[in-house]
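Data first, discussion second: the structure below is written as structure tokens.
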Amino acid sequence: MNGQDTPHGRGGADEPGRRGRPGGGPGGGGGGQPHRRRNEAGRERNRGGVRQYSKSAPSQRTRAADPARLAAFEVLRAVERDDAYANLVLPARIRQHRLDRRGAGFATELTYGALRGQGLYDAILARCVDRPLDRLDPAVLDALRLGAHQLLAMRVPAHAALDQTVGLARAVIGAGPASLVNAVLRRVSARDLAEWTREITGSEADPVRRAALVHSHPEWIVRAFRQSLAGHGRSVDELEALLEADNAAPVVNLVALPGLGSLDEAFEAGAEPGGLVEDSALYAGGDVGRLAGVRAGTVRVQDAGSQLIARALAAVPLDGSRGAGERWLDLCAGPGGKAALLGALAARSGATLLANEPAGHRAELVRKALAAVDSKVWEVRAGDGRDLGRLEPGRFDKVLVDAPCTGLGALRRRPESRWRRQPADLAQLGPLQRELLESAVDAVRPGGVVAYVTCSPHPAETTAVVAGLLRRHKDLELLDSAAALEAASLAGGLQAGRPGPGTGGTTAQLWPHLHRTDAMFMALLRRK
């Protein structure tokens, strides 16, 4: 280990020996030096020249954790230790540490950047640590990931990234681990990201494995994306663009509930009008909780793709439509984003909404989401959605099945999910998706419409599920879902459609790299 790689960047050839001098103990001649200069207190003076103090000299070491970095560290610990979601933990940590707008932005970029880049950063760190990463204290590994992201992907000076990350480790983990963090990050800082990437991928011939490393995705997800592009009629040459979009920091999407909310305050704070759907905005002004409309529940954070799907279902015509008096059902309503927008749309059109959610605590979230909407319009039911088709057969005009899925289409917003999900999840979720869809078909009246929706582009969760349903139910027809999505949008040329299996209808698939939305899938099915 050379001088640069010692725990605090000292010693070796860069510092004259304080231990093991050639001449022996204190004051020894060592190397024929005739004498030592001492001050009045008898302490040895500087041995010639101007003494250079490194940033990691004891008197200059950072010993306190910077609040923004501490917030990011605490989020990573909650994600690893408690299986928490960063988007739920981070706002509370920002408020707890009283971060201003700049600090909150830094903490957000550091948190999400470290989570997105985890795969690539771990591959780099593995070359800088003298033991397998799984043998490191998880807290130390999280600190290293935060330091690696600052050094390799943020505009943070190397000395500040090192000093502050080591200070964080010293304050919250301990002095010994801080020495390890210092030594490892110094090795990381010896090269930039492009150099590290070339070294790690240089011998990799498989293009999918290479893409998985470069874009920091599990290999199975990269293969799933490639299959999904082909399955939805896209070129597999779009894979690189899709992965890049998946790693881009998403802009916060806002929606003003129709007839209830206003985006004027957001626009005054610098938001831009959304280009895909009406009553929407793109917000980059920091904590959205500071907006009065968000606090009142009349303005909500919701991906533009989700907004489009709710509006498409609300607007789709029915056979024998009753207009006012329609009954709508959100079969899997938690945590309530689509339910709130559907509730506001129902109130405007004279319909009513039943929002069903099996988990009690999530049902409460749905109630809170709907609180701004006239309570006469909606009702929340806490129960298994698979039972509703049997309990209320043929009672609903429109049914939304936003089915539990792998969430592969929302990895840019929930980057920690890419490291949690496994291929086996597809097989485990498939039966639940089919059972919920069967219940929805039983619950919708003849002439009514079911919207099957997932936040995943994987064929096993999208087109294969729809094809199986159509084989089992000859009384269902696939509508032109792409046209319905297009009609609900502000912009033309969505190019989200794909001919449905064996029908004249289409399914619809949105993409991050094409539409700047989550990869939402929708199929509209009418019961004849």
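Can you say whether G389 is touching a Ser or Thr at 6+ places or on another chain (Cβ under 9 Å), assigned by TED's automatic domain parsing to the domain that holds A333 and more than 22 Å from R311 (Cβ to Cβ), as far as the supplied structure shows? Against the criterion (touching a Ser or Thr at 6+ places or on another chain (Cβ under 9 Å), assigned by TED's automatic domain parsing to the domain that holds A333 and more than 22 Å from R311 (Cβ to Cβ)), G389 qualifies. Within segment 68-82, residues that are within 15 Å of P415 (Cα to Cα) reach partners that are polar (S, T, N, Q) and in a helix (DSSP H, G or I) with beta carbons closer than 8 Å, at six or more positions or on different chains, in the pairs A72/T111; V75/T111; L76/T111.
Being without any contact (Cβ under 8 Å) to a residue 24 or more places away in the chain, in contact with a strand residue (DSSP E or B) (Cβ under 9 Å, 6 or more places away or on another chain) and buried (at least 16 other Cβ atoms within 10 Å of the Cβ) narrows it down to one of A266, A271, A256, so name that one.
A271
Where helices (runs of 4 or more DSSP H) fall wholly inside segment 98-178, the ranges with 1 or more residues that are closer than 13 Å to S189 by Cβ and among the acidic types (D, E) are 158-172. For segment 340-365, the set of residues classified as closer than 11 Å to P258 by Cβ and within 23 Å of the chain's Cα centre (by Cα) consists of A340, L341, listed by residue number. Taking segment 225-339 and the strands (runs of 3 or more DSSP E) fully enclosed by it, the elements with 1 or more residues that are in the same structural domain as G385 (by TED's automatic domain parsing) and more than 23 Å from the chain's Cα centre (by Cα) are at 327-330. The set of residues in segment 335-366 being without any contact (Cβ under 8 Å) to a residue 24 or more places away in the chain and either in contact with a helix residue (DSSP H, G or I) (Cβ under 7 Å, 6 or more places away or on another chain) or under 22 Å from D303 (Cα atoms) (or both) consists of E364 alone.
Residues considered: D130, D163, D137. Of these, the only one that is modelled with pLDDT under 95, over 28 Å from R412 (Cβ atoms) and of a type outside the set (F, W, Y) is D130. Going residue by residue through segment 393-409, is there one that turns out to be free of Cβ contacts under 8 Å to residues at least 60 places away in the same chain, on the phi < 0 side of the Ramachandran plot and surrounded by fewer than 17 Cβ atoms within 10 Å (Cβ to Cβ)? Yes - at least one qualifying residue is present in segment 393-409.
Could you identify the single residue in L470, L524 that is part of a helix (DSSP H, G or I) and at pLDDT 95 or above? Break it down stepwise before answering.
Working: L524 fails: part of a helix (DSSP H, G or I).
Exactly one residue qualifies, and that residue is L470.
The values are calculated or read from the model by the stated rules, or taken from the named source; none is laboratory data. As the structure is a prediction and not an experimental result, all values here were calculated from the model. Here the Cβ is made from the backbone with ideal geometry for all residues, glycine too, and neighbour counts use every protein chain on show.
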